[in-house]
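To start, the structure itself, in C-alpha coordinates.
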(Lines give C-alpha, C1' and ligand atoms only; values in the text may rest on other atoms or scores of the structure.)
Protein backbone atom coordinates (compact mmCIF):
# COMPACT_ATOMS: atom_id res chain seq x y z
CA UNK A 1 0.00 0.00 0.00
CA UNK A 2 1.40 3.43 -0.93
CA UNK A 3 1.41 6.48 1.31
CA UNK A 4 -1.04 9.20 0.41
CA UNK A 5 0.48 12.58 -0.33
CA UNK A 6 -0.60 15.20 2.21
CA UNK A 7 -2.62 18.07 0.86
CA UNK A 8 -1.83 21.71 1.51
CA UNK A 9 1.32 23.73 1.83
CA UNK A 10 4.42 21.88 3.03
CA UNK A 11 5.54 22.73 6.57
CA UNK A 12 8.27 25.34 6.89
CA UNK A 13 11.49 24.56 8.70
CA UNK A 14 11.48 25.72 12.36
CA UNK A 15 13.85 28.60 11.54
CA UNK A 16 11.27 30.11 9.18
CA UNK A 17 8.06 29.68 11.16
CA UNK A 18 6.37 32.72 12.66
CA UNK A 19 4.86 31.74 15.97
CA UNK A 20 5.31 34.84 18.13
CA UNK A 21 2.60 37.50 18.02
CA UNK A 22 3.10 41.14 18.99
CA UNK A 23 0.26 43.47 19.86
CA UNK A 24 -0.07 47.13 20.75
CA UNK A 25 -2.74 49.72 21.31
CA UNK A 26 -3.03 52.92 19.29
CA UNK A 27 -5.43 55.83 19.39
CA UNK A 28 -7.79 56.70 16.54
CA UNK A 29 -5.43 59.23 14.94
CA UNK A 30 -2.51 56.79 15.01
CA UNK A 31 -4.70 54.04 13.57
CA UNK A 32 -5.85 56.30 10.75
CA UNK A 33 -2.26 57.28 9.91
CA UNK A 34 -1.15 53.64 9.88
CA UNK A 35 -4.11 52.57 7.74
CA UNK A 36 -3.39 55.36 5.22
CA UNK A 37 0.29 54.36 5.01
CA UNK A 38 -0.66 50.72 4.43
CA UNK A 39 -3.13 51.72 1.71
CA UNK A 40 -0.55 54.00 0.04
CA UNK A 41 1.99 51.16 0.02
CA UNK A 42 -0.64 48.80 -1.44
CA UNK A 43 0.53 45.99 0.84
CA UNK A 44 -1.12 43.53 3.17
CA UNK A 45 -1.41 44.95 6.71
CA UNK A 46 0.68 42.23 8.36
CA UNK A 47 3.42 42.51 5.73
CA UNK A 48 3.54 46.30 6.06
CA UNK A 49 3.63 46.20 9.86
CA UNK A 50 6.31 43.48 9.95
CA UNK A 51 8.48 45.40 7.45
CA UNK A 52 8.06 48.69 9.32
CA UNK A 53 9.02 47.10 12.64
CA UNK A 54 12.02 45.29 11.16
CA UNK A 55 13.21 48.48 9.42
CA UNK A 56 13.08 50.40 12.70
CA UNK A 57 14.81 47.56 14.54
CA UNK A 58 17.59 47.43 11.95
CA UNK A 59 18.00 51.23 11.98
CA UNK A 60 18.47 51.16 15.76
CA UNK A 61 20.95 48.30 15.74
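Below, the figures for the structure above:
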item: Selection within segment 40-49 - part of a loop (DSSP other than H, G, I, E, B) and either more than 13 Å from the chain's Cα centre (by Cα) or modelled with pLDDT under 95 (or both); result: 42
item: Residue that is assigned to a helix (DSSP H, G or I), exposed (fewer than 10 other Cβ atoms within 10 Å of the Cβ) and within 17 Å of the chain's Cα centre (by Cα), where the choices are 29, 52, 37, 57; result: 57
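The values are calculated or read from the model by the stated rules, or taken from the named source; none is laboratory data. None of the values given here were measured: they were computed from a predicted structure. Every residue, glycine among them, receives a Cβ derived from its backbone with ideal geometry; neighbour counts consider all protein chains shown.
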